Amino acid sequence: MTELTPIRRGRCAGAGNWQTQYQALQMTAREAAELIRDGDTAAFAAMSNWPWELDGALAERLLETGGHIAIYGHFIPAGTRLLTPELAGQVTYDSNFYGVERGLEPMGNVHYAPSNLSQTPTWLLARRPRVAALTCSLPDENGWMSRSLWGTALSRKVLEQCELVLAEVNPRMPNIPSDGEAHTRIHVSEVDGIIESSRPLVETPIAAGNETDSRIAGYIADLVPDGACIQLGLGGLANTVGECLAHAGKRDLGVHTEILSTGVMELMRRGVVNNSRKQTCPGRSVYANMVGGPELWAFAHENPAFCQKEIDWVNDARNIARNDHVVSINNAMEIDLTGQVNAESIGPRQYSGTGGQLEWVVGSQWSKGGKSILALRSSYRDKAGVLHSKIVPQLAPGSVVTTPRTCVQYVVTEFGVADLKYKSTVERARALIAIAHPDFRRELERQMPL
């Protein structure tokens, strides 16, 4: 393991050993909130790494003073105090990926910032935040804290440029191994204030897959060879794919993924994933963000079979392609007959985000023997129970094109697999109609492109 060196000089850097500095850096959430100025810009970490103690104290201070603050981040947890109607006139929040954010947008102070997920550090740097705030694990014996579950939402590049770095230290946060280039650890000497917290971490329950997901996952498993390096997206389908890979008897799989969830844990436990054939970080599952609950966190805690890396390293298509036989598996919301993919909006309404889909589509196809797979259920029912096709002649007005048709390779529904790479528009349309819901195939044929 490469020895790490602190880069940023925090408020107490050089004042004795790290234990002495830790004691000197401790402050209350209120004291930390008072270090934030009216008109400040701040970058906050996501989900389990959201600075909860500071969130409450800063909200109270803003209400008292009438001050204003701009926050940048993504994937906020539910129940934040700063993003409530009473503070809508004092707090603005920009996000480059929506989750809870989509329900807060009607307040008028929550806005979407389009970017690929690997661009998160450069996007944040472009906004010039003065303040950075996050939650970390307890320090190890050398004073290094793990940024852990969602820590890469706030990269070292951003932390090193901020004037004020506030860290909440929570013993519940797992200490996940990370070393070498793009490591995700931060040293006690690099921060300006420490707030101790023992709040329960934000769990991300994964919806169970249904019969349709199982059929889709079966087709996907057939496309994954032994020795492949896999990337799985988020949701019930991802875990169902993992189950199918195990049942299919796949061997020697590797993991290099943006999001790591319980499905990967099960594959590691069963020995299906051992990372033995990877070219980068061999023997270790590489990820940027982790979703799940206590069982996964306990499994990952100090487990040398894991290595967390910064999001701009993990999702860099050039790094993805350094591994052979990468198979990327991502979700889509709808696709038109030419192969344009919308994975983030309902018409013009932002639903999730561009995320890393395009980066994985490109990186996996650059990989030697790699494959890109986009999966979607062929249809859905609206609130009135009316069935609609997700394979459409044209995307709905205002819909976002997440992945352009020029980059799409495999598309999978519960009715089969369509390989669109290098196909003409007519060939693409025919292939997609063949995997559409049978109730819509005739109408789709009537609206095929010439």
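Scanning segment 133-141 for any residue that is more than 25 Å from residue 356 (Cβ to Cβ) and β-branched (Val, Ile, Thr) turns up nothing. A Cβ distance below 8 Å, combined with a sequence gap of six or more or placement on separate chains, defines the contacts here; from segment 159-174, residues that are open to solvent by 10 Å² or more (accessible area, probe 1.4 Å) reach residues that are among the polar types (S, T, N, Q) in the pairs 171/137; 171/198; 172/198.
The single condition among (1) touching a helix residue (DSSP H, G or I) at 6+ places or on another chain (Cβ under 8 Å); (2) open to solvent by 10 Å² or more (accessible area, probe 1.4 Å); (3) not in a loop (DSSP other than H, G, I, E, B) that residue 9 does not meet is (3).
Among the conditions (1) touching a Ser or Thr at 6+ places or on another chain (Cβ under 9 Å); (2) free of Cβ contacts under 8 Å to residues at least 40 places away in the same chain, the only one that residue 389 does not satisfy is (2). Tell me, please, whether a residue that is modelled with pLDDT of 95 or more, within 20 Å of residue 124 (Cα to Cα) and of a type in the set (Ser, Thr, Tyr) can be found in segment 165-186. Taking every residue of segment 165-186 in turn, at least one turns out to be modelled with pLDDT of 95 or more, within 20 Å of residue 124 (Cα to Cα) and of a type in the set (Ser, Thr, Tyr).
Applying the selection to segment 404-419, what residues are open to solvent by less than 50 Å² (accessible area, probe 1.4 Å) and either without any contact (Cβ under 8 Å) to a residue 60 or more places away in the chain or touching a Ser or Thr at 6+ places or on another chain (Cβ under 9 Å) (or both)? Of everything in segment 404-419, those that are open to solvent by less than 50 Å² (accessible area, probe 1.4 Å) and either without any contact (Cβ under 8 Å) to a residue 60 or more places away in the chain or touching a Ser or Thr at 6+ places or on another chain (Cβ under 9 Å) (or both) turn out to be 407, 408, 409, 410, 413, 414, 418. With the condition kept exactly as written, say whether any residue in segment 313-327 is touching a Leu at 6+ places or on another chain (Cβ under 6 Å) and touching a residue at least 24 places away in the same chain (Cβ under 8 Å). Taking every residue of segment 313-327 in turn, at least one turns out to be touching a Leu at 6+ places or on another chain (Cβ under 6 Å) and touching a residue at least 24 places away in the same chain (Cβ under 8 Å). Screening residue 398 against (1) without any contact (Cβ under 8 Å) to a residue 40 or more places away in the chain; (2) surrounded by fewer than 16 Cβ atoms within 10 Å (Cβ to Cβ); (3) among the small types (Gly, Ala, Ser) leaves a single unmet condition, (1). Looking across segment 203-223, the residues that are surrounded by fewer than 21 Cβ atoms within 10 Å (Cβ to Cβ) and either of a type in the set (D, E, K, R) or assigned to a loop (DSSP other than H, G, I, E, B) (or both) come down to 203, 205, 206, 207, 208, 210, 211, 215, 222.
I need a count of the residues in segment 140-158 that are part of a loop (DSSP other than H, G, I, E, B) and either surrounded by 17 or more Cβ atoms within 10 Å (Cβ to Cβ) or modelled with pLDDT under 95 (or both). Steps first, please.
To start, the set of residues in segment 140-158 that are part of a loop (DSSP other than H, G, I, E, B) comprises 140-143, 147-150, 154-155.
With either surrounded by 17 or more Cβ atoms within 10 Å (Cβ to Cβ) or modelled with pLDDT under 95 (or both) added as a condition, the list becomes 143, 147-150, 154-155.
Selection size over segment 140-158: 7.
The condition of being in contact with a Lys or Arg (Cβ under 9 Å, 6 or more places away or on another chain), open to solvent by less than 40 Å² (accessible area, probe 1.4 Å) and of a type outside the set (Lys, Arg) holds for residue 352. Contact map, segment 352-381: first residue on the phi > 0 side of the Ramachandran plot, second residue buried (at least 19 other Cβ atoms within 10 Å of the Cβ) and of a type in the set (A, V, I, L, M), Cβ cut-off under 6 Å, separation 6 or more or different chains; pairs are 355/117. Of all the listed residues (115, 95), the sole one being among the small types (Gly, Ala, Ser), open to solvent by less than 20 Å² (accessible area, probe 1.4 Å), modelled with pLDDT of 95 or more and within 14 Å of residue 42 (Cα to Cα) is 95. Within this structure, residue 30 passes the test of being part of a helix (DSSP H, G or I) and either at pLDDT 95 or above or open to solvent by 10 Å² or more (accessible area, probe 1.4 Å) (or both).
Here residue 127 passes the criteria (1) within 12 Å of residue 72 (Cβ to Cβ); (2) crowded, with 18+ Cβ neighbours inside 10 Å except the one numbered (2). The residue list 37, 102, 127 contains one member that is touching a residue at least 40 places away in the same chain (Cβ under 8 Å), farther than 23 Å from residue 315 by Cα, in contact with a Phe, Trp or Tyr (Cβ under 7 Å, 6 or more places away or on another chain) and not hydroxyl-bearing (Ser, Thr, Tyr), which is 102. Does segment 1-16 hold any residues that are without any contact (Cβ under 8 Å) to a residue 60 or more places away in the chain and either within 16 Å of residue 193 (Cβ to Cβ) or more than 29 Å from the chain's Cα centre (by Cα) (or both), and which are they? Of everything in segment 1-16, those that are without any contact (Cβ under 8 Å) to a residue 60 or more places away in the chain and either within 16 Å of residue 193 (Cβ to Cβ) or more than 29 Å from the chain's Cα centre (by Cα) (or both) turn out to be 15, 16.
Once segment 45-65 is narrowed to residues that are under 24 Å from residue 125 (Cα atoms), of a type in the set (A, V, I, L, M, F, W, C) and in contact with an Asp or Glu (Cβ under 8 Å, 6 or more places away or on another chain), the residue that is least open to solvent (accessible area, probe 1.4 Å) is 54.
Go over the candidates 236, 218, 249 one by one and state the one that is closer than 17 Å to residue 269 by Cα and either in contact (Cβ under 8 Å) with a residue 60 or more places away in the chain or not polar (S, T, N, Q) (or both).
Values: 236 fails: closer than 17 Å to residue 269 by Cα; 218 fails: closer than 17 Å to residue 269 by Cα.
Among 236, 218, 249, only 249 is closer than 17 Å to residue 269 by Cα and either in contact (Cβ under 8 Å) with a residue 60 or more places away in the chain or not polar (S, T, N, Q) (or both).
The values are calculated or read from the model by the stated rules, or taken from the named source; none is laboratory data. Quantities reported herein were computed from a predicted structural model and do not represent experimental measurements. Cβ atoms come from the backbone with ideal geometry, glycine included; neighbour counts cover every protein chain shown. Quick note on the areas: whole protein, heavy atoms, side chains included, nothing else; ligands and nucleic acids left out. Shrake-Rupley method; radii C 1.70, N 1.55, O 1.52, S 1.80 Å.
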